[in-house]
Amino acid sequence: MSGPKPESSTYLTIVKRMALVVALAMSSYHLYVGFFGTPDAFTLRATHVGFALTLAFLLLPARKADEGRGPRIWDWALIALSLAASAYPVLVKDYIYSRFIYIDELRTADIVLGVILTLLVIEAARRALGLVLPVTVVLFLGYALFLTNTEPLLLLEQLYLTTEGIYGIPVAVSATYVVLFILFGAFVERSGAGKLFMDFAISLTGHTAGGPAKVACVTSGLFGSVSGSAVANVMTTGAFTIPLMKRLGYRPAFAGAVEAVASTGGQIMPPIMGAAAFVMAEFMGVSYLTVATYALIPALLYYVAVFAAVHFEARRLGMRGLPRDELPRLGEVLRERGHLFLPLVVIVAVLLSGYSAPFAALCGIASVIPTALLRKTTRSAVNLRMIVESLEAGAVGSIMVALACAAAGIVIGVITLTGAGLTFSSFVISAANEMLMPALLLTMVAGIILGMGMPTTPAYIIQVSLLVPALVRLGVPVESAHLFVFYFAILSAITPPVAIAVYAANGISGAQLWPSSVAAVKLGLTGYIIPFMFVFGPSLLMIGPWTTIGATTVTAVIGVIFLAAGLNGWLVTAASRLERVLLVCAAFVLIKPGLWTDAVGIGLGAVALMLQLRARRREDRATPERAAAPLPDPVRPAE
């Protein structure tokens, strides 16, 4: 008797149930490991990659034409090979730990399964992440095999039988930190916190000028701190905020750009940030809480700049907010759902108490269900289906990160074995003529190019090996160097021509790529400048005396507001060309902390402000009825 055809509903149901079982097993395994402690490196990392590969070949088709048809025959073969190649290091771990690396000869099984796993990771990454990362991996492998004297078997040993390749630090971080925080985000989202974030933002900012755009800023910052994915933020919060912005009168391109830029910033917003932040903590040898501390002020500056840009644009266009009677009241929102903030508080409290990030994630997960049960308004969300869906979503959501880390591990293995990192660092220093600013600009461009079309985590990992050493050799503090490349790995999501977050927003707004990309770069321009600010002023990373940190932060806030005002042509009234030039110059002078630069920057901004106030008084005298006349009714959202 022949089995069901791949296209049949019975077959798809069987596949769906198999994927659910694998996803539940993956989530349960990582929760068990998080609670009882991690096994040896090869067991944990190989199991993690094996789960990710299995789910990838079960759920992700090889071609778009196969979408919705379920795995084909070759997919089942790839799943079997994935299980074999991932199980082998676990079964022979004693042999792996006892052999002399680069000296003992490889077994036939080592060679065959090592080649298979490398190819499987590249193919699975292609399905999950697109072509950019797999092509990058292939280019690095080609570099090692054809442009250096690296022996193929030595390279294979590096990638498969050491913790310096596929099973390196990136996969270790994915298996111990990231998967637990993705699980936490899945539980939080299904507990009703998404509605809390949205209502909280609307009640705070919905009535102000350009309210829906400000809602996008606040909501995306809150949601992004949990999800850590720009595209996920856009698709979750943008489905509400983009149509609302369009109804209020914003151009589709601007509406999509606001959501894309705000969502991208979620990856730098503590307490959770994106997956790359955990990798950064491991590379720098510091706690995750330390990385979050470094990132806090720059993240706040980013959102202050976006919020200010939205406000000035709304004022320039004469927009108003939504009527208060159409908005939820802040008190009611906090009474009904405010307790759902508690899991975030738990994570922060556990981190501040000195415990590890995985333990903090476990505590956060454990607190979600009791928190949701506290009040009747959220109690209905808690049931067996919610738990199963959260476990499934956590595992499926970790596929991209796990495969990105495995593929990036191949690149790191090549760089470590061939010494390409030192070669590239020497090239950057030589091209910059050993001057810091040209080196920073080269690093920025290289970082954006490397990050285009690639998730933040592998983009950051590759840049750490290639770019960070050059910056450190030129005197940049290690913390600033890591965050510098981290920022540009993130900002590639809004940088044309491959602006992934903008693409996602355009799917909702209906705008064209280039108008949206230009608007996004204009809105997010401060994000491109902030990394230079903390390179020249590490106090923005909370490094140094508190008096210096406070003074630098205040001048930085003033600088980003001046920049937003200059770019959008409004501070207290419409800005003339001279006033815009003064504001932008003031912002750029304030990039470099220091008594003289701060004095000049604030002075230029003060001149622009005085000119603005004088122009505003002239306008008021010319049209005295302006103050008395009621403003036009705001555009109300369609029912």
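Checked against (1) within 16 Å of the chain's Cα centre (by Cα); (2) part of a helix (DSSP H, G or I), M454 passes all but a single condition, namely (2). Counting the residues of region 145-187 that are in contact with a Lys or Arg (Cβ under 7 Å, 6 or more places away or on another chain) and β-branched (V, I, T) gives 1. Across region 153-211, the qualifying residues are those that are at pLDDT 90 or above and among the charged types (D, E, K, R), and the one among them that is nearest to S27 (Cα to Cα) is E164.
Residues in region 239-246: is at least one among the aromatic types (F, W, Y) and modelled with pLDDT under 80? Scanning region 239-246 turns up at least one residue that is among the aromatic types (F, W, Y) and modelled with pLDDT under 80.
Where helices (runs of 4 or more DSSP H) sit wholly within region 67-176, those with at least 2 residues that are outside the structural domain of S28 (by TED's automatic domain parsing) and hydroxyl-bearing (S, T, Y) occupy 132-146. Is it fair to say A209 is buried (at least 24 other Cβ atoms within 10 Å of the Cβ), of a type in the set (G, A, S) and farther than 30 Å from R385 by Cα? Spelling it out, it is not the case that A209 is buried (at least 24 other Cβ atoms within 10 Å of the Cβ), of a type in the set (G, A, S) and farther than 30 Å from R385 by Cα. Meeting the requirement of 1 or more residues that are touching a His at 6+ places or on another chain (Cβ under 8 Å), the helices (runs of 4 or more DSSP H) wholly within region 215-333 are 275-284.
Has region 3-13 got at least one residue that is part of a helix (DSSP H, G or I), touching a residue at least 60 places away in the same chain (Cβ under 8 Å) and out of contact with any strand residue (DSSP E or B) (no Cβ under 6 Å at 6 or more places or on another chain)? No, region 3-13 contains no residue that is part of a helix (DSSP H, G or I), touching a residue at least 60 places away in the same chain (Cβ under 8 Å) and out of contact with any strand residue (DSSP E or B) (no Cβ under 6 Å at 6 or more places or on another chain).
Summed over region 457-483, the residues that are outside any helix (DSSP H, G or I) and over 16 Å from V535 (Cβ atoms) give a count of 0.
Selection within region 16-41: residues that are at pLDDT below 95 and under 21 Å from A408 (Cβ atoms). The member of this set that is surrounded by the most Cβ atoms within 10 Å (Cβ to Cβ) is A41.
Confirm whether D110 is buried (at least 20 other Cβ atoms within 10 Å of the Cβ), farther than 24 Å from E157 by Cα and not aromatic (F, W, Y). Against the criterion (buried (at least 20 other Cβ atoms within 10 Å of the Cβ), farther than 24 Å from E157 by Cα and not aromatic (F, W, Y)), D110 does not qualify. Just one of the listed residues (M269, M273) is closer than 23 Å to D199 by Cβ, out of contact with any Asp or Glu (no Cβ under 8 Å at 6 or more places or on another chain) and in contact (Cβ under 8 Å) with a residue 40 or more places away in the chain, namely M269.
Regarding L12, is this residue surrounded by 12 or more Cβ atoms within 10 Å (Cβ to Cβ) and touching a helix residue (DSSP H, G or I) at 6+ places or on another chain (Cβ under 8 Å)? Spelling it out, it is not the case that L12 is surrounded by 12 or more Cβ atoms within 10 Å (Cβ to Cβ) and touching a helix residue (DSSP H, G or I) at 6+ places or on another chain (Cβ under 8 Å). All conditions in (1) surrounded by fewer than 20 Cβ atoms within 10 Å (Cβ to Cβ); (2) among the hydroxyl-bearing types (S, T, Y); (3) farther than 22 Å from S174 by Cβ hold for T443, with the sole exception of (1).
Take A395 and tell me if it is closer than 30 Å to L55 by Cα, out of contact with any Cys (no Cβ under 9 Å at 6 or more places or on another chain) and surrounded by 20 or more Cβ atoms within 10 Å (Cβ to Cβ). It is true that A395 is closer than 30 Å to L55 by Cα, out of contact with any Cys (no Cβ under 9 Å at 6 or more places or on another chain) and surrounded by 20 or more Cβ atoms within 10 Å (Cβ to Cβ).
Residues that are crowded, with 18+ Cβ neighbours inside 10 Å and of a type outside the set (A, V, I, L, M) were ranked within region 124-149; the one that is modelled with the lowest pLDDT is T136. Scanning region 470-515 for residues that are closer than 17 Å to V234 by Cα and either touching a Pro at 6+ places or on another chain (Cβ under 6 Å) or of a type in the set (S, T, Y) (or both) yields S492, T495, Y503, S509, G510, A511.
The criterion of at least 3 residues that are of a type outside the set (S, T, N, Q) and at pLDDT below 85 is met by the following helices (runs of 4 or more DSSP H) wholly inside region 493-538: 500-509. Candidates are the residues of region 478-492 that are among the aliphatic types (A, V, I, L, M) and at pLDDT below 90; the one that is nearest to the chain's Cα centre (by Cα) is I490. With respect to the conditions (1) closer than 22 Å to A511 by Cα; (2) crowded, with 21+ Cβ neighbours inside 10 Å, P243 falls short on a single one, namely (2). Looking across A393, A402, A381, A408, one residue alone is in a loop (DSSP other than H, G, I, E, B) and in contact with a helix residue (DSSP H, G or I) (Cβ under 6 Å, 6 or more places away or on another chain). It is A381. Taking the conditions (1) closer than 25 Å to F181 by Cα; (2) in contact (Cβ under 8 Å) with a residue 40 or more places away in the chain; (3) among the aromatic types (F, W, Y) in turn, Y355 satisfies each one other than (2).
The values are calculated or read from the model by the stated rules, or taken from the named source; none is laboratory data. What you are looking at is a predicted structure, and each value in this text was computed from that prediction instead of being measured. Every residue, glycine as well, gets a Cβ built from its backbone with ideal geometry; the counts of neighbours run over all protein chains shown.
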